[in-house]
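Visitor: Got a structure for you, written out below as structure tokens; questions coming shortly.
The values are calculated or read from the model by the stated rules, or taken from the named source; none is laboratory data. Being a predicted model, the structure only gives us computed values, none of them experimental. Ideal geometry is used to build each Cβ from the backbone, glycine not excepted, and the neighbour counts take in all protein chains shown.
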Amino acid sequence: MTNDVLAVDNISVQFGGHIAVNDVSLSVKPGTITGLIGPNGAGKTTLFNVISGLLTPTDGSVHFMDQDITSLAPHKRARLGIGRTFQRLELFNSLSVIDNIRVSIEISNQWGHIRPYQDEPFTKAEISRVLDITGLDSVRNTMATEIPTGQARLVELARALILQPKILLLDEPASGQNDQETETFGLLLRKICESGVSIFLVEHDMALVMNTCDEVNVLDFGSIIAKGTPTEIQEHELVIEAYLGAKKQ
Amino acid sequence: MTEFLTFTVVGLATGAIYSIASAGLVVTYTTSGIFNFAHGAIGMFSAFLYWQLRWDEGWGGFWPAPIALVFVLFIAAPIIGILLQLIVMRGLEGTSETTKLVIPIAVMLAFIGITNWVWQGAEQRIPKPFFGRNAKWSIGDAYITWHQTIIVIAAIGLAIALRFLLFNTKIGVTMRAVVDNPELVELNGGRPNRSAMQSWAIGSIMAAIAGVLISPLLGGLGVLALTLLVVNAYAAAIFGRLKNLPLTFIGGLVIGLSVSYWNWISKTGQKWPWLSELRTTLPIVILFCVLLLLPQDRLRGNRPESLREQFRVPSIRATILWSFALVSIISGLSLIISSKWEALLTRGLTMAIIGLSMVLLTGYAGELNLAPLAFAGIGAIAAFQFDVGSTVETGPGFATLATLLAVGFGFLVFPAFGLVKRRLFIAVTAFSLFVFILVVFFDGTTGTGIASRESMSLSGLVVAALITASVGATVALPAIRLRGLYLALATFAFAIFVDKMVYKQRETLTFDIPLIGDSEDLSINLFNNGALNIPRPKFWGIDFGEKQWAMLIFVSIIFCCISVALIQLRKSSYGRQLTAMKDSPAACATLGMNMRRLKLSVFTLAAAIAGFGGALHASNLRTIQEDYPFTIWEGLALFMLTVVGGIGYISGALFGGIIYACAFIVMGDFWGKLAEDWRSFDWLFTFLQDFFLLLGPALAGIGLGRNPSGVASQIFDGFRILRKRENKGIIGIGSLLIAFSWFLRVIDVYNGWIFIMTSLPILFLMPLLGDANTRDRDQSKDKSIEMAGIDFQFSDEFISFIDKELSIPSNPMWKESRNNDE
Ligand SMILES: Nc1ncnc2c1ncn2[C@@H]1O[C@H](COP(=O)(O)OP(=O)(O)O)[C@@H](O)[C@H]1O
Ligand SMILES: [Mg+2]
């Protein structure tokens, strides 16, 4: 087919009578950061749930590296290389920060799955590396419940990152961070992307989206209303009306 | 044809009752989100009340039916419902799944306790059908009693009334809204108290109607039998996915008809004797199957309440220290207490070992299991059948079976601990070889007549654990996809199934198993005519049968060993994964966790512990009966008390086991003794005695089950303060005093009561003194945040303390502005 990392084709999701996602198609190209923006309730998180397998779509298909994964179980998708974070934090609250990351390796190692993490020193080094680049080293032994939201989001990122995914789905990763943290975060995303991980980013912080994304999709009431480069999107009439306009009021 | 009609009529009538009962369950569930486990017990209680008013001399006696009906159904029942909502259920909003389950279970046990209390004695209480037994009319040759007619009319009437309620009243609108979009209604501040109260009243009325209607179908009123009869309706409610009323009604009818047709085909159970109890179990089997076929909810993420329920993990060192302390204390006690107390304590500890299986399964992994004692019972039966029992052909077949089970267990559980490929094969081989050698050589059970042996052997305990593990895996395999309440209900169904189909089994089952056994057949008389004699162990020259104190210490050592192993496990990679699964299944899935395999392994392991504990418990008791000690009711009580103790902690299991086995009996005895001593206050003390015996556990559950981290940990927290350096003196003096008192008791200066009366106060004074001591020294810490500005002034120090508690980075700007204000 194509060389997209991720291709979403004609996905629709209904809750009861309510159509949350309506015939959405989009793709993420390898080595890029693709943005997905839209007002609250537009269906972004729902789409992420469909891609990661937590939700079965009413209609449509999802392809990952040219493989049809529409009816694959969530944990199998994860093992193919789809990592994600959650808008409503899903940390392991009974564990410390470092254990949150360690258990992530252990989970994927279960029943002998992941290759490089068999030996202990390598695992330790990897954990240190990830703690380092996410800047979590200072809170490594703090319980997950005791760190502020901004950092908690970084823990989720680190947890997904250490599995060396091919694509990362990030659901509003910058909310809870202040401006300065967000800027650092943007640089971090770039760095991750350059290391070969494609990123699919849902975010409300316009500056972050516009500065880091290579391509942006705009979702409104469950439908894609615009696609393009950040500059194109900023000038797109429908977008200004639906999204930026609504925000100004 | 006539037979078919007759059985159809009977089936429709019982089915209609199930429909009514389950509809009530659905009404309360949809509006409050609480599955009312007490539903069956409320129906049972109402049936007793109705009988009391109609047919007993007491309380004015012999009320006419209409007045008694109005009183029971429309005055007593709604009051019960409303009180339940006001006093108990209202507080459950926003609590964890486990709490939402435990409190209604406690209420159910309370109703059972109250009914047993009020209607004591073995007298036969026989309710009559409406218009008497002979009031009937006929279609063709088939007779239909007026009672059956009334049931069907009532069901139809209630269905119409419910429909009206749903579409034409406010509570109905709320209910339907909840069903359509629960999250939305919650967000919009739905579930207002008033409609919750109404729905609890309605639910309670439906339960009462079902109870009154169904009671004449039994021979005489029985507390447990009647409760279970209404519990059958739970299957119908699940049929309607706990929200769809029409489906629920249909489900009730299907269940009623199935039972009736089964009775027809099986000639009320006489055709296949070993299936005879299926009559009463069929609805529960249907419940299990419906649960399995149900489409599942989406993966749950973590909820805010999981923040409240956090269990600290003690260090291995601390666990080992506490273990030594526990064994020493128990050894010390065994010198000064009577053998009756020793027996009670031993019982508590074996129960606590069974409780450890719940700590693993529910506390660590977050999987609910309402059948801990069903597994324990299977362990006991296995120990009996394969070790000391008489009915299984033993010999090489036994060794083969044990080895095969060990292989299966190894392959299921070992990979969870990171053993894969070659290492897995080595480990499994080693383990099964160990079991094989244990069975064949160590205990000399190579062949003939284990029946003749009069002591429990180590291999018996191990094989009991292995067999229970295999049963656990078999049950878990289909049930593994269930979560939360549904899993709880499935295990509940399993427990009832074991109660009836296994404990009450009187037939000798004969199997032909190829390759196993030197004779062609394996024949088992599962419960050996209602009682199993299981002897105490005997090894290293110690006969545990003669020495209760030896058994006590032995059991306490085993408890400690399993505890240390569990803590080690919780701290391992496996334990972290269980915790992760408990905290957020959704996150686990997106990190690549195969939750089914993990759940299967933990179920298997927990079942093994329960089976081991069950065999030990039975061996300590020497005899188990079909109705003691492994029934569904005892199981629920143990589960509840373990939650009260703190199901995430070893200490919670210890608390649950000991309280379950000793505390209420001891308290009951205490009041009973007082009643003997002070005849004039006889009535009061007898009242208190009954109160503690019958209602103690249930009230403990209702009152304390809400405490998320459990009572035991709170007590431990109280003692934590003593670890501070400045309190070393208090520990020293306190321990010395207690030791001295113990010594005086040993040399018989005074009796046990005085020992207790002197040492308990010292024990409880220690943390209090420590607290006061620490507070004197250090004012700023340990102040509760709520009291800031009321009890004491805001100080900068205190503010930085709060900042740290709430993990807010301290903000100098804010502090500055505050200083400027001043
Ligand atoms: N489990 C659910 N049941 C019913 N409706 C849902 C569910 N999850 C999301 N929705 C609805 O789907 C729509 C999209 O939600 P969501 O994907 O969370 O939006 P976004 O992430 O863009 O803010 C919203 O209207 C929301 O109410
Ligand atoms: Mg969202």
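Visitor: Against the definition (within 16 Å of ligand 1 (Cβ to nearest atom) and either surrounded by 24 or more Cβ atoms within 10 Å (Cβ to Cβ) or outside any helix (DSSP H, G or I) (or both)), how does A:PRO165 come out, yes or no?
Guide: In short, no.
Visitor: Which of the numbered conditions does A:MET210 fail, given that it passes all the others? Conditions: (1) assigned to a helix (DSSP H, G or I); (2) touching a Leu at 6+ places or on another chain (Cβ under 7 Å); (3) farther than 26 Å from A:ASP99 by Cα.
Guide: (2)
Visitor: Evaluate the following for A:GLU232: is it within 13 Å of chain B (Cβ to nearest Cβ), in a helix (DSSP H, G or I) and away from ligand 2 (no atom under 16 Å from the Cβ)?
Guide: Here the answer is no, as A:GLU232 does not meet what is asked.
Visitor: Right, another one. Being buried (at least 23 other Cβ atoms within 10 Å of the Cβ) and more than 21 Å from A:LEU36 (Cα to Cα) is the filter; apply it to segment A:78-92 and report the residue that is farthest from ligand 1 (Cβ to nearest atom).
Guide: A:PHE92
Visitor: OK, next. Quick check: is even one residue across segment A:171-182 within 16 Å of ligand 1 (Cβ to nearest atom), crowded, with 16+ Cβ neighbours inside 10 Å and aliphatic (A, V, I, L, M)?
Guide: yes
Visitor: One residue is enough: does segment A:103-120 have a residue meeting the conditions closer than 18 Å to A:GLY222 by Cβ and either within 14 Å of another protein chain (Cβ to nearest Cβ) or not in a helix (DSSP H, G or I) (or both)?
Guide: no
Visitor: Taking into account only those residues within segment A:1-41 that are in a strand (DSSP E or B) and among the acidic types (Asp, Glu), which is nearest to A:SER223 (Cα to Cα)?
Guide: For segment A:1-41, the residue satisfying everything is A:ASP23.
Visitor: Counting only residues that are within 13 Å of ligand 2 (Cβ to nearest atom) and hydrophobic (A, V, I, L, M, F, W, C), how many does segment A:55-86 have?
Guide: Residues meeting the conditions: 2.
Visitor: Starting from residues that are closer than 21 Å to A:ILE51 by Cβ and more than 11 Å from chain B (Cβ to nearest Cβ), keep the ones in segment A:144-160 and report whichever is modelled with the lowest pLDDT.
Guide: Step by step, filter segment A:144-160, then rank; the result is A:ARG153.
Visitor: Still on this model: Can you give me the number of residues within segment B:551-594 that are facing chain A (nearest Cβ under 7 Å) and part of a helix (DSSP H, G or I)?
Guide: Of the residues in segment B:551-594, 11 are facing chain A (nearest Cβ under 7 Å) and part of a helix (DSSP H, G or I).
Visitor: Also, quick follow-up: Within segment B:61-117, which residues are small (Gly, Ala, Ser) and either within 22 Å of B:LEU636 (Cβ to Cβ) or in contact with a His (Cβ under 8 Å, 6 or more places away or on another chain) (or both)?
Guide: B:GLY81, B:GLY91, B:SER96, B:ALA106, B:ALA110, B:GLY113
To keep it simple, each residue is scored yes or no on (1) assigned by TED's automatic domain parsing to the domain that holds A:CYS193; (2) aromatic (Phe, Trp, Tyr); (3) within 16 Å of ligand 1 (Cβ to nearest atom).
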position: A:VAL5; (1), (2), (3): yes, no, no
position: A:ASP9; (1), (2), (3): yes, no, no
position: A:PHE15; (1), (2), (3): yes, yes, yes
position: A:ALA20; (1), (2), (3): yes, no, yes
position: A:SER25; (1), (2), (3): yes, no, no
position: A:VAL28; (1), (2), (3): yes, no, no
position: A:THR32; (1), (2), (3): yes, no, no
position: A:GLY38; (1), (2), (3): yes, no, yes
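Visitor: A:MET143 versus (1) over 28 Å from A:VAL28 (Cα atoms); (2) under 17 Å from the mean Cα position of the chain (by Cα); (3) hydrophobic (A, V, I, L, M, F, W, C): which is the lone unmet condition?
Guide: (2)
Visitor: Buried (at least 22 other Cβ atoms within 10 Å of the Cβ), farther than 26 Å from A:GLN177 by Cα, more than 16 Å from ligand 1 (Cβ to nearest atom) and at pLDDT below 90, is that true of A:ILE114?
Guide: no
Visitor: Further question: What helices (runs of 4 or more DSSP H) lie completely within segment B:632-680 and have 1 or more residues being over 29 Å from B:VAL231 (Cβ atoms) and not charged (D, E, K, R)?
Guide: Counting at least 1 such residues, we get B:650-658, B:664-677.
Visitor: Which condition breaks for A:LEU72 when tested against (1) under 30 Å from A:THR231 (Cα atoms); (2) outside any strand (DSSP E or B); (3) more than 9 Å from chain B (Cβ to nearest Cβ)?
Guide: (1) is the only condition that A:LEU72 fails.
Visitor: Of all residues being within 16 Å of ligand 2 (Cβ to nearest atom) and away from chain B (no Cβ under 14 Å) in segment A:27-41, which is surrounded by the fewest Cβ atoms within 10 Å (Cβ to Cβ)? Just the residue, please.
Guide: Going through the qualifying residues, I end up with A:PRO39.
Visitor: Please work out which residue is nearest to ligand 1 (Cβ to nearest atom), limiting yourself to segment A:42-69 and to residues that are within 14 Å of another protein chain (Cβ to nearest Cβ) and without any contact (Cβ under 8 Å) to a residue 24 or more places away in the chain.
Guide: Of everything passing the filter in segment A:42-69, A:ASN49 is nearest to ligand 1 (Cβ to nearest atom).
Visitor: Right, another one. With the checklist (1) crowded, with 24+ Cβ neighbours inside 10 Å; (2) assigned to a loop (DSSP other than H, G, I, E, B); (3) of a type outside the set (Phe, Trp, Tyr); (4) modelled with pLDDT of 85 or more in hand, flag the one item B:ALA493 doesn't pass.
Guide: All conditions pass for B:ALA493, except number (2).
Visitor: Continuing with the same structure: Mind counting the residues in segment A:222-238 that are closer than 19 Å to A:GLY43 by Cβ, surrounded by 15 or more Cβ atoms within 10 Å (Cβ to Cβ) and not small (Gly, Ala, Ser)?
Guide: Result for segment A:222-238: 5.
Visitor: For segment A:5-24, indicate whether the set of residues that are closer than 27 Å to A:GLU194 by Cα, away from ligand 2 (no atom under 11 Å from the Cβ) and in contact with a Cys (Cβ under 6 Å, 6 or more places away or on another chain) is non-empty.
Guide: Scanning segment A:5-24 turns up no residue that is closer than 27 Å to A:GLU194 by Cα, away from ligand 2 (no atom under 11 Å from the Cβ) and in contact with a Cys (Cβ under 6 Å, 6 or more places away or on another chain).
Visitor: Out of (1) within 14 Å of chain A (Cβ to nearest Cβ); (2) modelled with pLDDT of 85 or more, what's the single condition that is false for B:ARG312?
Guide: (2)
Visitor: Only one of these is modelled with pLDDT of 85 or more and over 30 Å from the mean Cα position of the chain (by Cα): B:ILE103, B:ILE114, B:ILE144, B:ILE171. Name it.
Guide: B:ILE144
Visitor: Given the criteria of a type outside the set (Val, Ile, Thr) and over 30 Å from B:LEU86 (Cα atoms), does B:LEU744 qualify?
Guide: yes
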